[in-house]
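The values are calculated or read from the model by the stated rules, or taken from the named source; none is laboratory data. Remember, it's a predicted structure, so these values are computed and weren't measured experimentally. Heads up, the Cβs are rebuilt from the backbone with ideal geometry, glycines too, and the neighbour counts pull from every protein chain shown. Just the protein is used for accessible areas: all its heavy atoms, side chains included, with ligands, DNA and RNA removed. Shrake-Rupley method; radii C 1.70, N 1.55, O 1.52, S 1.80 Å.
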Amino acid sequence: MPRKMPYYVEPYDLVGRPARFLEAFAAILEHSTYGPVIDFYARLKTRCARCPDLCPVYQVTGEKRDIPCERSDMLLEVYRRYFTTRGKMKGRLLDDFELTDEYLDDMAESYWRCTACRRCKLECPMGIDHGLITHLARWILSEIGIVPKALVVSVREQLEGETKNTSAIPVPALQDNCAFLEDEIREMFGYEAKFPIDVKGAEWVFFPAVSDYLLEADTLMGIAVVMQITGGSWTIGTGDFDGINYGLFYSDRMLGRIVRNEAAEVRRLEAKGVLAGECGHATRAAKGFIPTYAGGENAPPVMNIMQYTHRVWKEGKLPLLAGAIKERVTYHDPCNIARSGWILEEPRDILKHICADYVDMFPNRRENYCCGGGGGSVSIDEIREFRTKTGGKAKADQIRATGAKYVVAPCANCKKQVREVCEDHGLSEVETVGLHDLILKAIDWDRVKNVKKETA
Amino acid sequence: MDAWLDFARGPAFRFALAVMVLGLLRHFALALLSVRAILRRAGDKTLPVTQIRKATLSWLFPVKKLGHHTLFAAASVLFHLGAIVAPLLLAAHVTLIEASTGLAWPALNPLAADILTLLAIGGLLVLFVVRIAKRAARDLSQRSDYGVLLLVLVPFVTGFLAAHPGLNPFPFTAVLLLHFLSADLLLFMFPFTKLVHVVLLPATQLVSEAAWRFDPDAGEKVAKALGKENQRI
C-alpha cells in the first residue's frame with residue numbers, strides 16, 4: 001500500500017498502523033516526562049494566530065497545515081481523544097474523531113515539513129513550544145517505522161556500525177585526513193599546527209560534525225590554527241569523533257545513546273569536557289542533553305568552538321588583523337544555538353573586527369530565520385525543492401538583501417542548506433563558509449611568528 | 001422576575017464563582033504538579049530561571065509585543081486591561097462580591113469603569129474582526145473560538161446598558177437578568193474553555209522549559225515496553 005510521505009522510508013509493517021502508533025504514544029507517555037507537558041498543552045489553546053507570521057514555511061505556502069498551532073494540534077487531538085477521560089467518553093458517545101491511516105500520513109508529512117526551528121515559540125503568548133511537539137511526534141512516528149531513511153542510516157552507522165560515525169569514516173582515514181590538513185597548513189602558512197589525536201588528559205575533546213572532515217577543510221584548519229596559537233588543550237578521540245546527533249531530530253532513544261557515547265569518550269580520555277565544532281544541533285544536543293543522560297550536575301561541560309575562540313581573542317592570545325576580509329560578510333544564526341539567546345554576539349564580535357564590511361541579516365539573532373534545512377530535513381535529498389524553494393525562501397531573501405559575498409554559517413547542516421538555497425535562488429556569487437574559515441584568512445601571522453620567536 | 005434576579009445574582013452567582021475559583025485553582029495546581037513530576041524524573045534538574053522569569057513577565061505585561069501584528073496586539077492588550085479591571089473594581093460588583101464572600105476592596109469611579117468597559121467591548125470586537133479578516137486566524141478558528149468571544153461580550157454589553165438606562169433600548173429588568181445570567185455562565189465556563197489561560201499563562205514558560213528535561217531512562221523503558229530492547233536500529 002503506497003503512502004504519501006515525500007521522503008523515502010525503509011520498508012516497515014503497514015498493518016495496524018494507528019493501533020501501533022497509539023501503543024507507542026502510550027508507552028512514551030508512561031515512561032517519559034512528556035505526559036504532563038502534553039496534558040498541559042492539551043488544555044491550553046487559544047489559536048490566536050500570531051505564530052503563522054513567524055513560520056518561514058507558512059509564509060510561503062499559506063497552507064493551514066503549516067500553521068504551527070494547527071500542526072501541534074494534530075498530535076494534541078490524538079492525545080485528547082485517546083488519553084483523556086473526556087475524550088474517551090466523547091469517542092464512545094459520539095461518532096467522534098478517530099485516528100486513521102490517512103491522519104497518520106498527514107501527521108507524518110506535517111511533522112517533517114516543520115524544521116523544528118522554534119521561531120514560532122517567540123510569538124506564542126501561551127509559550128507553547130511547537131518544536132517540542134514536533135520532536136515528540138517524530139519520536140512516536142519513528143517507533144512505528146515512519147522516519148526518513150537518510151537519518152536512520154546515519155544513526156545506524158553511528159551507533160551500531162563499524163566506523164561509529166555518521167559519515168562512515170574509518171579511524172585510519174581520519175588520521176590521514178588530519179595529517180593532510182596539517183600539511184596543508186604548513187604549506188599555506190608555514191606554520192606547524194597539530195590535530196592532536198587520543199591525547200589523554202587534554203582539557204577538551206573535539207566533536208565537530210564529522211562531515212567537516214570530508215567537506216569543510218578550511219573550517220577545521222582554522223580551528224586547529226586557533227588552538228595551536230592560543231595553546232588550547234584539545235584532542236580528537238578515536239573512540240568517538242562525531243558530534244552529529246540525529247537522535248535530536250527523531251528519537252530520544254537515539255539522542256540519549258549518542259550523547260552518552262560522547263560523555264564516555266570524554267571520560268576515557270580523562271578530559272574535562274566537550275568542545276563542539278561549528279555545528280548548531282551538535283552543540284545543542286551535547287549542551288542540552290549530556291547533563292540529562294550522562295551525569296546530571298557531574299556531567300562534563302560543553303563549549304562551542306566559537307565561544308572558545310572569542311574568549312582567547314578577547315584575552316589577547318589570538319592576533320587577528322582588523323578588516324582583513326574586504327568583501328561584504330553576513331552571519332547566519334543557526335537556530336539551535338541562537339533561538340534560546342545562547343551564542344549570538346561571540347561570532348559577531350570577531351566578524352566585526354576582521355571584516356571591513358560586515359552587515360547583519362534582518363531579522364537576526366534569536367529571531368533569525370531558519371535556513372530551511374533544520375530538524376534534520378537537510379539530510380533528506382528527496383525534498384530538496386521543498387527545502388530550498390519553500391523552507392529556504394526567507395533565508396534566500398535575507399541573504400539577497402544583504403548583498404554579501406560571504407555568508408558565515410557556523411553549522412554543518414546550515415552550510416549545506418544555505419549553499420543549496422543559494423544555488424536554487426540564483427545567488428551563485430554568494431559563498432557559504434564557516435567562522436573559522438574567515439578567521440584563518442585574518443590571522444596576523446607576523447605577530448604570531450614574532451611571539452613564537454620571543455617565546456623560543 | 002425579582003425571584004429570577006435574586007437567583008441569578010445570589011445562589012447562581014456563588015455557584016459559578018465557586019466553580020471558577022476551584023476549577024482554575026485545579027488547573028494551576030496541575031500545572032505546578034506537572035513541573036514537579038517532570039523534574040522528579042529528569043536527569044538534568046536545572047532550569048534557566050532568569051530566562052523563564054523574563055519570558056513570563058514579557059507576556060504578562062506584553063508592552064514590547066505590540067510591534068508585531070500591532071492592531072491585534074493593541075486590541076488584545078486593551079481588551080485584557082478592561083476585561084480584568086472593570087469587573088473587579090466596578091462599584092456594583094464590589095458590593096455584590098462583598099455580600100457573597102465578605103471580601104471588599106475600593107471601587108473605581110463610574111467614568112473610569114465606563115472607559116474600561118468600552119475598552120473591553122471595543123477590544124473584543126477588534127479581536128473578532130481580526131479573527132475573521134486574517135486568513136490564518138480564520139483557518140485556525142473553531143466554533144468554540146467564536147463562542148468564547150460571544151460568551152465574554154454579552155455580560156460586558158448588558159452590564160454597560162444596565163448601568164446606562166438612557167442608552168438602553170431594551171426592558172431594563174430583562175437586560176439586567178441577561179447580564180447576571182451571562183456573567184454567571186462566563187464564570188462557570190472559565191475552567192472548561194480556553195479562558196483557562198488566565199491562570200495557565202504564568203506557568204506556561206516554566207512548563208515549556210521543563211519539558212526539555214527528559215527522563216534519562218525513558219528510551220530504554222519505551223524500547224522494553226514495545227518489545228524492542230534487543231532490536232537493532
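Could you tell me whether the range A:353-371 includes any residue that is of a type in the set (A, V, I, L, M, F, W, C), under 22 Å from A:Trp313 (Cα atoms), modelled with pLDDT of 95 or more and in a helix (DSSP H, G or I)? Break it down stepwise before answering.
Restricting attention to the range A:353-371, the residues satisfying the condition of being of a type in the set (A, V, I, L, M, F, W, C) are A:354-356, A:359, A:361-362, A:370-371.
Still in the list and also under 22 Å from A:Trp313 (Cα atoms): A:354-356, A:359.
Subset that is modelled with pLDDT of 95 or more: A:354-356, A:359.
Those left that are additionally in a helix (DSSP H, G or I): A:354.
Yes, because at least one residue in the range A:353-371 is of a type in the set (A, V, I, L, M, F, W, C), under 22 Å from A:Trp313 (Cα atoms), modelled with pLDDT of 95 or more and in a helix (DSSP H, G or I).
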- Complete set of residues in the range A:16-30 that are facing chain B (nearest Cβ under 10 Å) and among the small types (Gly, Ala, Ser): A:Ala24, A:Ala26, A:Ala27
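For the structure I just gave you, tell me whether A:Thr33 is of a type outside the set (Lys, Arg), within 10 Å of chain B (Cβ to nearest Cβ), touching a Lys or Arg at 6+ places or on another chain (Cβ under 6 Å) and under 26 Å from B:Met189 (Cβ atoms). Spell out the reasoning first.
Details: of a type outside the set (Lys, Arg): yes; within 10 Å of chain B (Cβ to nearest Cβ): yes; touching a Lys or Arg at 6+ places or on another chain (Cβ under 6 Å): yes; under 26 Å from B:Met189 (Cβ atoms): no.
It is false that A:Thr33 is of a type outside the set (Lys, Arg), within 10 Å of chain B (Cβ to nearest Cβ), touching a Lys or Arg at 6+ places or on another chain (Cβ under 6 Å) and under 26 Å from B:Met189 (Cβ atoms).
Tally the residues that are assigned to a helix (DSSP H, G or I) and either assigned by TED's automatic domain parsing to the domain that holds A:Leu220 or under 17 Å from the mean Cα position of the chain (by Cα) (or both), restricting the search to the range A:397-420. Outline the logic, then answer.
Step one: of the range A:397-420, the residues assigned to a helix (DSSP H, G or I) are A:397-402, A:412-420.
Now drop any that are not either assigned by TED's automatic domain parsing to the domain that holds A:Leu220 or under 17 Å from the mean Cα position of the chain (by Cα) (or both), which leaves A:412-420.
So the count comes out to 9.
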- Message: Can you find, within the range A:79-131, the residue that is nearest to the chain's Cα centre (by Cα) among those that are basic (Lys, Arg) and farther than 19 Å from A:Phe249 by Cβ?
- Response: A:Arg80
- Query: Of all residues in the range B:1-31, how many are open to solvent by 80 Å² or more (accessible area, probe 1.4 Å) and closer than 23 Å to A:Leu44 by Cβ?
  - Reply: 3
- Task: Kindly indicate the residue of the range A:26-73 that is hydroxyl-bearing (Ser, Thr, Tyr) and open to solvent by less than 10 Å² (accessible area, probe 1.4 Å) and also farthest from A:Cys124 (Cα to Cα) among those meeting that condition.
- Result: A:Ser32
- Item | Count of the range A:143-173 residues which are within 22 Å of A:Gly247 (Cβ to Cβ), touching a residue at least 12 places away in the same chain (Cβ under 8 Å) and outside any loop (DSSP other than H, G, I, E, B) | 10
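Restricting attention to the range A:315-351, which residues are assigned to a strand (DSSP E or B) and free of Cβ contacts under 8 Å to residues at least 40 places away in the same chain?
Filtering the range A:315-351 for residues assigned to a strand (DSSP E or B) gives A:320, A:325-331.
Passing the criteria: only A:Lys326.
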- Where residues in the range A:108-156 are of a type in the set (Lys, Arg) and at negative phi, which of them is farthest from the other protein chains (Cβ to nearest Cβ)? A:Arg113
- Could you please let me know if A:Arg365 is farther than 30 Å from A:Val153 by Cβ, open to solvent by 40 Å² or more (accessible area, probe 1.4 Å) and within 16 Å of the chain's Cα centre (by Cα)? yes
- Message: If A:Leu440 satisfies all but one of (1) closer than 22 Å to A:Leu344 by Cβ; (2) under 24 Å from the mean Cα position of the chain (by Cα), what's the number of the condition it fails?
- Response: (1)
- Query: Considering only residues of the range A:318-341 that are open to solvent by 40 Å² or more (accessible area, probe 1.4 Å) and modelled with pLDDT of 95 or more, which is nearest to the other protein chains (Cβ to nearest Cβ)?
  - Reply: A:Arg328
- Query: Tell me, which residue of the range A:36-80 that is within 18 Å of B:Arg143 (Cβ to Cβ) and more than 7 Å from every other protein chain (Cβ to nearest Cβ) is modelled with the lowest pLDDT?
  - Reply: A:Cys48
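Kindly indicate which of B:Val196, B:Val148 is within 30 Å of B:Leu17 (Cβ to Cβ), aliphatic (A, V, I, L, M) and in contact with a Ser or Thr (Cβ under 6 Å, 6 or more places away or on another chain). Outline the logic, then answer.
Numbers: B:Val196 fails: in contact with a Ser or Thr (Cβ under 6 Å, 6 or more places away or on another chain).
Being within 30 Å of B:Leu17 (Cβ to Cβ), aliphatic (A, V, I, L, M) and in contact with a Ser or Thr (Cβ under 6 Å, 6 or more places away or on another chain) holds for just one of B:Val196, B:Val148, which is B:Val148.
Table: residues versus (1) in a loop (DSSP other than H, G, I, E, B); (2) more than 21 Å from A:Ala168 (Cβ to Cβ); (3) not assigned by TED's automatic domain parsing to the domain that holds A:Tyr406.
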{"position": "A:Leu214", "(1), (2), (3)": "no, no, yes"}
{"position": "A:Asn245", "(1), (2), (3)": "yes, no, yes"}
{"position": "A:Val259", "(1), (2), (3)": "no, no, yes"}
{"position": "A:Glu265", "(1), (2), (3)": "no, no, yes"}
{"position": "A:Lys287", "(1), (2), (3)": "no, yes, yes"}
- If you check B:Leu200, B:Leu206, which single one turns out to be in contact (Cβ under 8 Å) with a residue 12 or more places away in the chain and at the interface with another protein chain (Cβ under 7 Å from one of its Cβ atoms)? B:Leu200
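Conditions tested, residue by residue: (1) surrounded by fewer than 19 Cβ atoms within 10 Å (Cβ to Cβ); (2) over 30 Å from A:Ser32 (Cα atoms); (3) away from every other protein chain (no Cβ under 14 Å); (4) of a type in the set (Phe, Trp, Tyr).
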| position | (1), (2), (3), (4) |
| --- | --- |
| A:Gln158 | no, no, no, no |
| A:Asn165 | no, no, yes, no |
| A:Glu203 | yes, yes, yes, no |
| A:Asp212 | no, yes, yes, no |
| A:Leu215 | yes, yes, yes, no |
| A:Gly232 | no, yes, yes, no |
| A:Thr235 | no, yes, yes, no |
| A:Asp242 | no, no, yes, no |
| A:Tyr246 | no, no, no, yes |
- Give me the pairs: first residue in the range B:48-77 and facing chain A (nearest Cβ under 10 Å) and farther than 13 Å from A:Glu123 by Cα, second residue of a type in the set (Asp, Glu) and open to solvent by less than 40 Å² (accessible area, probe 1.4 Å), beta-carbon distance under 6 Å, and six or more apart or on different chains, which are they? B:Ile52/B:Glu209
